[in-house]
Amino acid sequence: MVYAASRADVLDVWVDGKQVVDNRSLTTIDLPATLALVREIIARF
């Protein structure tokens, strides 16, 4: 538990026993796949 900190102080985040942020990088999404999907959607417009 943290009483007071700024977002710059946060490097790692664990939720329900699972690491969701590792060294300020999200671990719960596949970033390359998400970006590819976004590019496909944008290309339609």
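The numbers here are math on the coordinates, done by the rules we state, and not lab data. The shown structure was predicted, so the numbers you read here are calculated from the model rather than taken from an experiment. For neighbour counting, all protein chains shown are included, and Cβ atoms are generated from backbone atoms with ideal geometry for every residue, glycine included.
Given the conditions (1) surrounded by 10 or more Cβ atoms within 10 Å (Cβ to Cβ); (2) under 15 Å from the mean Cα position of the chain (by Cα), which single one is not true for Ala36?
Of (1) surrounded by 10 or more Cβ atoms within 10 Å (Cβ to Cβ); (2) under 15 Å from the mean Cα position of the chain (by Cα), only one is false for Ala36: (2).
Any residue in region 13-28 that is touching a residue at least 12 places away in the same chain (Cβ under 8 Å) sitting within a Cβ distance under 7 Å of a residue that is charged (D, E, K, R)? List the pairs, counting only those 6 or more apart or interchain.
Asn23/Asp12
Evaluate the following for Ala33: is it among the aliphatic types (A, V, I, L, M) and either in contact with a Pro (Cβ under 8 Å, 6 or more places away or on another chain) or assigned to a loop (DSSP other than H, G, I, E, B) (or both)?
So Ala33 does not fit the description; no.
Taking region 1-30, which residues are outside any loop (DSSP other than H, G, I, E, B) and either surrounded by 10 or more Cβ atoms within 10 Å (Cβ to Cβ) or not β-branched (Val, Ile, Thr) (or both)?
Those that are outside any loop (DSSP other than H, G, I, E, B) and either surrounded by 10 or more Cβ atoms within 10 Å (Cβ to Cβ) or not β-branched (Val, Ile, Thr) (or both): Arg7, Ala8, Asp9, Val13, Trp14, Lys18, Gln19, Val20, Val21, Asp22, Ser25, Leu26.
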